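Worksheet: one structure, shown below.
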Amino acid sequence: MDLKKIAESVYGLTLAEAEELARRLGHPAYRGRQLLEWLYRHQLTEFDQAKTLPADLRKKISETHTARALELLEANRSSNGESTKFLYRTHDGRLLETVLISQQGRETVCVSTQLGCKMGCVFCASGKGKFGRNLSSGEIVEQVAGVTRTTGRRVSNIVYMGMGEPLDNFEATMKSLDILQAPWGFGIGSRRITVSTSGITPKMVEFVRRHEGRVRLSVSLHSSSDKTRTELMPINKRYNLPELIKTLTEINRTLKREITFEFTLIDGINDSREEAETLAKISKPLAAKINLIPYNPIREMDFKTPSKAKVESFQKILEAHGLRVTVRQTAGRDINAACGQLRLDREKDLPAA
Ligand code: SAH
Ligand code: SF4
């Protein structure tokens, strides 16, 4: 049997594809819709759980697809109970992390889109080490299904802020967005979904076009100076700050939601008054919200987290310009699970697949 085919997750199927699959296997198209109900309403892991499907169809589907491309190894809750980190193993034996953040009545899943990341931002754990591979749309959606299955909670929000650069795995990300939003899928409204990018401008334009500006866009800015941004994020050499601002100005006409800037504050690097003033100048015409993220130390870098007072004064400068600013609570710092700080730390400690 072809292992690669077996590894294809049914969680990556759209309604049209599921119907086509049923037809191809000699059954009416509505069986495809039934299959999706088992997936998205019951998060099945074995096809035999799909009791309303004929045994013959279940058997045939299981020959080419899996309902468990991700194997849950661990689920760790932070001490304050606000975040849970899920460690999965992929069919090719790699590790993948997903986080559930339970705050203010929301159940937000932070999904990964790649194993590792090619962008290499200097402060980010995901960008360290060798790039693994892109995740399939099924593997992205299965993270949400897995969290729902394990916790029994209804996922209300999704953020694409786990490991990887979503727009560098464009088609799989777009397809997973379709499945998460569809009424036959998870039915999560576009205003509750955020895609975060380091600023791949041509892909940002395409992303906005595909989703008619409805899915939220968050842009990792991290500096309002072109020079500092290049030092922090190599992608800035390719798509520099003026180019990024120009693109944002253009797409802002189509975007139905406000843009968010993520700004990881690093002591003495990007937390000066001048940075804040320039950031305000950039954000104001775009009516962008700003999310300040105090740097979470990673072992490769000797960067420091700014003091609380510094973070506050940075925030005050922005607010004095009438901007909306939030400071990200480092939910789950104790289990190293804050969204956007995922890494394959433990790969070496685990038994081979
Ligand atoms: N690749 C995308 C999405 C994943 S990263 C992007 O960069 O936007 C999500 C967020 O986590 C980014 O804004 C990033 O700046 C932040 N992040 C990464 N490492 C961090 C660290 N050590 N401390 C604080 N924030 C970090
Ligand atoms: Fe990749 Fe985002 Fe980390 Fe940069 S911050 S290395 S783009 S995951």
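Classify the range 239-309 as rounded, prolate or oblate, taking a ≥ b ≥ c as the square roots of the eigenvalues of its Cα gyration tensor: rounded when a/c is under 1.5, otherwise prolate if a/b is larger than b/c and oblate if not.
prolate
Run the reach check for Lys316 against aspartates and glutamates, Cα to Cα strictly under 18 Å, same-chain hits fewer than 8 apart removed. What comes back?
Glu262, Asp267, Asp271, Glu274, Glu275, Glu277
For a quick check of understanding: with a 1.4 angstrom probe and all protein chains in place, what accessible area in square angstrom does Ser220 have, to the nearest ten?
20
Going down the table (Lys85/Lys130; Lys60/Lys118; Lys203/Lys284; Lys128/Lys310; Lys60/Lys256; Lys59/Lys128), which pairs top 31 Å between alpha carbons?
Going by Cα-Cα distance, Lys60/Lys118; Lys60/Lys256; Lys59/Lys128 fall outside the 31 Å limit.
If you count the DSSP beta bridges with both ends in the chain, what percent of them are antiparallel, to the nearest 5?
45
Ranked by accessible surface with a 1.4 Å probe, highest first, in what order do Tyr295, Tyr239 come?
Greatest to least solvent exposure: Tyr239, Tyr295.
If each Cα of the chain is one equal point scatterer, what is log10 of I(q)/I(0) from the Debye formula at q = 0.11, 0.12, 0.13 Å⁻¹?
Results for the chain at q = 0.11, 0.12, 0.13 Å⁻¹ read -0.74, -0.87, -1.00.
Towards the positive end of the charge dipole of the chain, with charges on Cβ (+1 Lys, Arg; -1 Asp, Glu), say which of Gln181, Val205, Val327 has the farthest Cα.
Value: Gln181.
Where Rh is the Kirkwood radius over the Cα pairs of the range 102-148, the temperature 37 °C and the viscosity 0.692 mPa s, what D in µm²/s does Stokes-Einstein return? Could you put the intermediate results ahead of the total?
On the way: Rh = 12.3 Å.
Diffusion coefficient, whole number: 268 µm²/s.
Sorted by accessible area (1.4 Å probe), largest first, how do Arg106, Arg238 line up?
Numbers: Arg106 120, Arg238 180 Å².
Ranked from most to least accessible, the order is Arg238, Arg106.
Report D for the range 123-214 in µm² per second (integer): Stokes-Einstein, Kirkwood Rh on Cα pairs, 10 °C, 1.306 mPa s. Could the numbers behind the result be given before it?
Details: Rh = 14.1 Å.
The diffusion coefficient I find is 113 µm²/s.
Any chance you could tell me what percent of the C-alpha pair distances in the range 9-66 go past 15 Å? Please list the in-between numbers first.
On the way: 613 of 1653 pairs.
For the range 9-66, the fraction of Cα-Cα distances above 15 Å is 37 percent.
Working with all protein chains in place, sort Phe47, Phe131 by solvent-accessible area computed with a 1.4 Å probe, largest first.
Phe131, Phe47
What dipole magnitude, in Debye to the nearest 20, does the range 15-65 give about its Cα centre under +1 on Lys/Arg Cβ and -1 on Asp/Glu Cβ?
Once rounded to the nearest 20, the dipole reads 120 debye.
Using only alpha carbons, build the gyration tensor for the range 209-248 and give me the equivalent ellipsoid semi-axes, biggest first, whole Å.
On the way: eigenvalues 103, 20, 14 Å².
They are 23, 10, 8 Å, listed largest first.
Looking at the range 186-274 from every direction and averaging, what is the projected area of its Cα convex hull in nm²?
Average projection, Cα convex hull of the range 186-274: 6.4 nm².
Compute, for the chain, the length of the dipole vector about the Cα centre, with Cβ point charges of +1 (Lys, Arg) and -1 (Asp, Glu) only. Units Debye, rounded to 20.
So the magnitude is around 560 debye.
Along the charge dipole of the range 209-272, pointing to its positive end and built from +1/-1 on Cβ of Lys, Arg, Asp and Glu, which listed residue (Leu265, Ser225, Ile245) has its Cα farthest out?
It is Ile245.
What angle, in degrees between 0 and 90 and rounded to the nearest 10, separates the Cα long axis of helix 137-151 from the longest principal axis of the Cα atoms of the chain?
For helix 137-151, the angle is close to 90 degrees.
The values are calculated or read from the model by the stated rules, or taken from the named source; none is laboratory data. On a predicted model such as this, the values are computed, not experimentally measured, just so you know. Reconstructed Cβ throughout: ideal geometry from the backbone, glycine too, with neighbour counts over all protein chains shown. Accessible surface is based on the protein model in full, side chains and every heavy atom, while ligands, DNA and RNA are left aside. Shrake-Rupley method; radii C 1.70, N 1.55, O 1.52, S 1.80 Å.
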